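Written out below as structure tokens is the structure these notes cover.
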Amino acid sequence: MPNTRNRIDYFELKKRLKFVNKPMFEFCGAYVYYLDSYYGLKKNDPKINKLCSKQPLFMQAIDAFDKELSPFVKAEIEAFSFANILQGVLKAFLFDYQSINTFESFLKKYDNYKIEELFDFIGGCFINEHLQSNCEDWPSSSLEDMYEYLKNSEGIDPVAKEKVLNLYRYPKETKMRIKYIIVSMYEIFKKFENDCVEQAKKQQKRYMNLMEIDYDYFCQILKFDDIVEAIRNNDRVDLYISYMFNVSYFCKEYNDGTVFLLNGFLCDEYRAAKLEQHSVENFLSILGDKESMRILMCYVKRPYYLQELSRELDITPNRLRMYNSKFLDAGLIDFEYTNSRRYYYLNKDEIEKYFDMCKRMFK
């Protein structure tokens, strides 16, 4: 049951929340993860890689791209490595158009899409990575104006600039190249698609149950606290729990009074891993402080009440109280009352847990 602060939001969400099924997002998750890995963008978060490696179906789909994509397609993927264009275009289509649920509906939309609107996406992807400005004067309606804007922009790596300008010089060819890469990757993924969709449905049921059992935790791991106003100000909230977008969060508000949320099914495990890392870092910072270690080594010997340890270590009671508060928050010490005095003692079981966490982290 939600706490008092969240109870209103809980009942509002219950009225407006709808869990939705969007198979195309499973391909998109695999597609984005592979391209990010190919470009080396996933190497900075080993926790995500570790969680993903425990999912056999996920790894099979990703490995299939590497094994089955032709050298030509891989060369084309490499040609777009100067910006987040391939990932950005597909995600933009799916997040901007609610009607795209299958690959066929995506292709229909892509084929009928105006070339200027496609290159507005492409320019936006490039600008986000290469220009240190908000680009309020970006000319989104004219292909020629976009080309001139990029051509005259300063502070951009000249090699990257020439690559993006080449895309604008041959717009129809660029559109065909992007489509060819996406179609080639879908042809490989589609043999995994049904199983991935079933996994997504299974995880969706798990989150449905979590919302009923522990709403506050449900909000924390899905970042619902960030969108309380969106929930209150819109008529419907569509939530999709993805298997292939396994650690992800996205929120999109539409003009028709709906909000679309995408969450990965591993959000809870990822949050737990992040909290564990934070706990270990805090533990190691305490051990790295000489005065903290002096105090803790006294608690190793036996329990102490505050004034007694203050005299022994020649530390003022207020300063010792500050350290004890830090140790209590970390769970390193605990206390019990004897003859109306509060005696602090070392929490050996909790320290063992910290050592186990350190072993996992440094393994």
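Got a number for residues in region 142-156 being of a type outside the set (D, E, K, R) and assigned to a helix (DSSP H, G or I)? Reasoning before the result, please.
First, the residues of region 142-156 that are of a type outside the set (D, E, K, R): 142-143, 146-147, 149-150, 152-153, 155-156.
Going one step further and asking which of them are assigned to a helix (DSSP H, G or I), we end up with 143, 146-147, 149-150, 152.
The qualifying residues number 6.
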Looking for whichever is surrounded by 13 or more Cβ atoms within 10 Å (Cβ to Cβ), assigned to a helix (DSSP H, G or I) and in contact with a Ser or Thr (Cβ under 8 Å, 6 or more places away or on another chain) here; the options are L320, L309, L296. Which one fits? L320
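Of the residues that sit in region 34-85 and are among the basic types (K, R) and at pLDDT 95 or above, which one is farthest from M176 (Cα to Cα)?
Of all residues in region 34-85, those among the basic types (K, R) come to 42-43, 47, 50, 54, 67, 74.
Among the residues that remain, those that are also at pLDDT 95 or above are: 67, 74.
Numbers: K67: 23, K74: 16 Å.
In this case the residue turns out to be K67.
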Please find, among E129, E173, E136, the residue that is within 29 Å of the chain's Cα centre (by Cα), within 30 Å of A61 (Cα to Cα) and of a type in the set (D, E). E129
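I'd like to check which helices (runs of 4 or more DSSP H) are fully inside region 65-141 and have at least 3 residues that are in the same structural domain as Y31 (by TED's automatic domain parsing) and under 27 Å from L261 (Cα atoms).
Working: elements: 71-79, 85-96, 103-111, 115-130.
Counting at least 3 such residues, we get 85-96, 103-111, 115-130.
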Qualifying residue in region 36-48 (condition: among the polar types (S, T, N, Q), without any contact (Cβ under 8 Å) to a residue 60 or more places away in the chain and in a loop (DSSP other than H, G, I, E, B)): yes
With closer than 17 Å to I122 by Cβ, among the aromatic types (F, W, Y) and in the same structural domain as C28 (by TED's automatic domain parsing) as the only criterion, which of Y170, Y207, Y186 stands out? Y170
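Condition (residue is within 30 Å of P23 (Cβ to Cβ), touching a helix residue (DSSP H, G or I) at 6+ places or on another chain (Cβ under 9 Å), hydrophobic (A, V, I, L, M, F, W, C) and buried (at least 18 other Cβ atoms within 10 Å of the Cβ)) applied to region 123-142: is it met by at least one residue? Break it down into steps so the answer makes sense when it comes.
Kept after step one, since they are within 30 Å of P23 (Cβ to Cβ), are these residues of region 123-142: 123-126, 128-129.
Now drop any that are not touching a helix residue (DSSP H, G or I) at 6+ places or on another chain (Cβ under 9 Å), which leaves 123-126, 128-129.
Restricting the remaining residues to those that are hydrophobic (A, V, I, L, M, F, W, C) gives 125-126.
After this cut, where a residue has to be buried (at least 18 other Cβ atoms within 10 Å of the Cβ) as well, the list is 125-126.
Scanning region 123-142 turns up at least one residue that is within 30 Å of P23 (Cβ to Cβ), touching a helix residue (DSSP H, G or I) at 6+ places or on another chain (Cβ under 9 Å), hydrophobic (A, V, I, L, M, F, W, C) and buried (at least 18 other Cβ atoms within 10 Å of the Cβ).
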Just checking, which of V228, V183 is in a helix (DSSP H, G or I), modelled with pLDDT of 95 or more and within 30 Å of the chain's Cα centre (by Cα)? V183
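Can we say G288 is free of Cβ contacts under 8 Å to residues at least 40 places away in the same chain, closer than 30 Å to Y215 by Cα and surrounded by fewer than 19 Cβ atoms within 10 Å (Cβ to Cβ)?
Numbers: free of Cβ contacts under 8 Å to residues at least 40 places away in the same chain: yes; closer than 30 Å to Y215 by Cα: no; surrounded by fewer than 19 Cβ atoms within 10 Å (Cβ to Cβ): yes.
No; evaluated as a whole, the condition is false for this residue.
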Among the residues of region 165-180, how many are farther than 27 Å from F103 by Cβ and either polar (S, T, N, Q) or modelled with pLDDT under 95 (or both)? 1
Would you mind telling me which numbered condition in (1) among the small types (G, A, S); (2) surrounded by 15 or more Cβ atoms within 10 Å (Cβ to Cβ); (3) assigned to a loop (DSSP other than H, G, I, E, B) A30 fails? (3)
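The values are calculated or read from the model by the stated rules, or taken from the named source; none is laboratory data. All of these numbers come straight from a predicted model, not from anything done at the bench. Here Cβ is always computed from backbone atoms with ideal geometry, including for glycine, and neighbour counts include all displayed protein chains.
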